[in-house]
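Chemist: Please find one structure pasted underneath; my questions will follow.
The values are calculated or read from the model by the stated rules, or taken from the named source; none is laboratory data. This is a predicted model, so every value here is computed, not measured. Cβ placement follows ideal geometry from the backbone for every residue including glycine, while neighbour counts extend to all protein chains displayed.
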Amino acid sequence: MRRLIVEADGGSRGNPGPAGYGALVRDADTIEVLATESEYIGIATNNVAEYSGLIAGLRAAARIDPHASVQARMDSRLVVEQMSGRWKIKHPDMKPLALAASEAARGFTKVTYEWVPRERNKFADRLANEAMDSAERNGGGPPARVRPRPAEHPAPEPGQRPGGNGAGWGPAQGQATITLLLRHGQTPLSAERRFAGIGDIELTEMGVRQAKLAGERLAARGGVDVVVTSPLRRARQTAEEVAAATGAPVEEDADFRETDFGAWEGLTFTEAQRRWPKEVAAWLADPAAAPPGGESFAAVATRVRAARERLMAAHLRQTVLVVSHVTPIKTLLTEALLAPPAAMYRMHLDVGAFSEIDWYTDGPAVVRSLNDTAHLR
């Protein structure tokens, strides 16, 4: 079994302030440096930068040998104690980062975390400072290893986004995890405006064409790291067309599937209302109410939230295309906007439409678009 050492560090000039991380991987037997990682991450705290360095180091080690025994060395007592399970993670900013680090370490045969004095972590510290120095020479950004975002949508001034307390514009806490949300293409049921839940229906010819157009748009945009799809056939078909155009790998997450509409599956809204008037009225008024034999929006929200947390842990600061359905996409938009559940009834999503949300590690999110169909010519 191969033994690897990860040395990681991060720093912030202001706490929060301009921040960066550095990490390297050594062969434990020869002490040879096998890989180095460093990046400027924008405005962030020391702790965010330190966790970012650990995540980068663990991911680099996994690329070398995903089943190795790994010793992670850091001069951050907080990160070492939290990752070792001896200290509780109380601050909400740290929880998604700790999840991402745990996800990065999941495949290793063994992982241990060791605190070392700063003088024994000079290599990683130097890499972090070089990343920050490079950003300062370039006027503060963008980070060299971050692909520039295309100017498709209006955006705040560089380094600004809505503040977490709703009080106005504040400094961004580093690079966001970007979710591009794509509703699948047309199906026979969507063409007739019928309830389409967990039934495994295929795309129509028009639906396939819409999926191809979505793929062409994303290929032109560039920068999609991974496609995460609902396992239902209509979503999977859409995801495969996008993957063929972009070259991005495809993963499935069953919690991004559509709502189970139970007895209403295949019916129009009017048909369901005629047969179940009280149940439909309750369903429209209460997120906890479910169709007969089906699933409530509250239950969907619980599993979609869990899927988003897994996505953030596995693909932190990446650009992820999520191919899903009306209810999961509206659920994510509602969560990002801090809107009440009733807001879902005031959103419209066309088949083949894009929406986009940027999620930041300190909690807040930015909705950049909703129901964008510019590619469906």
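Chemist: In this structure, is GLY85 of a type in the set (Gly, Ala, Ser), more than 16 Å from VAL6 (Cα to Cα) and modelled with pLDDT under 90?
Modeler: So GLY85 fails the test.
Chemist: Give the range 195-221 a look and list any residue that's in a loop (DSSP other than H, G, I, E, B) and touching a helix residue (DSSP H, G or I) at 6+ places or on another chain (Cβ under 8 Å), or say none.
Modeler: Hits for the range 195-221 are PHE195, ALA196, GLY197, GLY199, ASP200, ILE201, GLU202, LEU203, THR204.
Chemist: Could you grab me the full set of residues in the range 297-345 that are more than 19 Å from ASP225 (Cβ to Cβ), under 15 Å from the mean Cα position of the chain (by Cα) and among the small types (Gly, Ala, Ser)?
Modeler: Passing the criteria: ALA306, ALA336.
Chemist: Limited to the range 346-377, what total is found for residues that are outside any loop (DSSP other than H, G, I, E, B) and within 22 Å of the chain's Cα centre (by Cα)?
Modeler: Selection size over the range 346-377: 14.
Chemist: Same structure again: Where residues in the range 55-72 are of a type outside the set (Gly, Ala, Ser) and surrounded by 22 or more Cβ atoms within 10 Å (Cβ to Cβ), which of them is nearest to the chain's Cα centre (by Cα)?
Modeler: Filtering first and then ranking leaves ILE55.
Chemist: Any idea which of THR45, THR36 is touching a Leu at 6+ places or on another chain (Cβ under 6 Å), assigned by TED's automatic domain parsing to the domain that holds TYR113 and not small (Gly, Ala, Ser)?
Modeler: Residue meeting the stated conditions: THR36.
Chemist: Any residue in the range 48-70 that is closer than 16 Å to ALA23 by Cβ and aromatic (Phe, Trp, Tyr)?
Modeler: The answer is yes, given that some residue of the range 48-70 is closer than 16 Å to ALA23 by Cβ and aromatic (Phe, Trp, Tyr).
Chemist: Does VAL326 satisfy the criteria of being touching a residue at least 60 places away in the same chain (Cβ under 8 Å), surrounded by fewer than 22 Cβ atoms within 10 Å (Cβ to Cβ) and of a type in the set (A, V, I, L, M)?
Modeler: Taking the combined requirement at face value, the residue satisfies it.
Chemist: Somewhere in the range 270-286, is a residue closer than 30 Å to LEU311 by Cα, buried (at least 17 other Cβ atoms within 10 Å of the Cβ) and at pLDDT 95 or above?
Modeler: no
Chemist: Given the conditions (1) crowded, with 16+ Cβ neighbours inside 10 Å; (2) farther than 23 Å from GLY247 by Cβ; (3) touching a residue at least 60 places away in the same chain (Cβ under 8 Å); (4) touching a strand residue (DSSP E or B) at 6+ places or on another chain (Cβ under 7 Å), and given that THR361 satisfies all but one, which numbered condition is not satisfied?
Modeler: THR361 satisfies all of (1) crowded, with 16+ Cβ neighbours inside 10 Å; (2) farther than 23 Å from GLY247 by Cβ; (3) touching a residue at least 60 places away in the same chain (Cβ under 8 Å); (4) touching a strand residue (DSSP E or B) at 6+ places or on another chain (Cβ under 7 Å) except (4).
Chemist: Can you tell me how many residues within the range 20-34 are closer than 11 Å to GLU7 by Cβ and within 28 Å of the chain's Cα centre (by Cα)?
Modeler: Qualifying residue count for the region: 4.
A quick yes/no check of all residues on (1) surrounded by 23 or more Cβ atoms within 10 Å (Cβ to Cβ); (2) under 16 Å from the mean Cα position of the chain (by Cα); (3) not assigned by TED's automatic domain parsing to the domain that holds ALA298:
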position: GLY197; (1), (2), (3): no, no, no
position: LEU213; (1), (2), (3): no, no, no
position: GLY223; (1), (2), (3): no, yes, no
position: PRO231; (1), (2), (3): no, no, no
position: ARG234; (1), (2), (3): yes, no, no
position: ALA239; (1), (2), (3): yes, no, no
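Chemist: Does the range 39-54 include one or more residues that are of a type in the set (Asp, Glu), surrounded by fewer than 24 Cβ atoms within 10 Å (Cβ to Cβ) and touching a residue at least 60 places away in the same chain (Cβ under 8 Å)?
Modeler: Taking every residue of the range 39-54 in turn, none turns out to be of a type in the set (Asp, Glu), surrounded by fewer than 24 Cβ atoms within 10 Å (Cβ to Cβ) and touching a residue at least 60 places away in the same chain (Cβ under 8 Å).
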